[in-house]
Amino acid sequence: MKFLLYSKARFYPFIEGFARYEIYVSDSCRAWCLKDLSQLLNFNHKKLQLLIHPSLWTEDVCKRDAALERLFQNIEKKNKDYRLKWLEVWRKNPKVKNYDKLIGKS
């Protein structure tokens, strides 16, 4: 069982994949671990993992909270669009219409 240290956090044993790398660098929560990022830029590693979350970054400069808020606004809009799409599909489905007639629901 191996543990890798990353900043002050620990990767627990259920994440065995991280143990294959000499260095792991991530932008989780839009917060780079600068020590590890500088190690990454030294190019002295046989195996490393760089995990980037592109949905957390924006073309324009904005604060972390604003980026997260924008992300959730986009998700909420997509959810609303999907909800409306599926309501329409269900309402137009011939089997649903026939069933509703059968049980006396209009």
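Would you mind stating whether Lys97 is on the phi < 0 side of the Ramachandran plot, assigned by TED's automatic domain parsing to the domain that holds Glu22, part of a helix (DSSP H, G or I) and of a type outside the set (Asp, Glu)? Write out each step before concluding.
Numbers: on the phi < 0 side of the Ramachandran plot: yes; assigned by TED's automatic domain parsing to the domain that holds Glu22: no; part of a helix (DSSP H, G or I): yes; of a type outside the set (Asp, Glu): yes.
Against the criterion (on the phi < 0 side of the Ramachandran plot, assigned by TED's automatic domain parsing to the domain that holds Glu22, part of a helix (DSSP H, G or I) and of a type outside the set (Asp, Glu)), Lys97 does not qualify.
Yes or no, residue by residue, for (1) surrounded by 12 or more Cβ atoms within 10 Å (Cβ to Cβ); (2) not small (Gly, Ala, Ser):
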position: Gln39; (1), (2): yes, yes
position: Leu56; (1), (2): yes, yes
position: Asp60; (1), (2): no, yes
position: Ala67; (1), (2): yes, no
position: Arg70; (1), (2): yes, yes
position: Tyr82; (1), (2): no, yes
position: Pro94; (1), (2): no, yes
position: Lys97; (1), (2): yes, yes
position: Asp100; (1), (2): yes, yes
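Applying the condition of being in a helix (DSSP H, G or I) and among the hydrophobic types (A, V, I, L, M, F, W, C) to the stretch 9-54 and asking which residue is modelled with the lowest pLDDT yields Phe18.
The values are calculated or read from the model by the stated rules, or taken from the named source; none is laboratory data. Here the structure is a predicted model, which means the values were calculated and not measured. With ideal geometry, Cβ positions are generated from the backbone for all residues, glycine too; neighbour counts draw on all protein chains shown.
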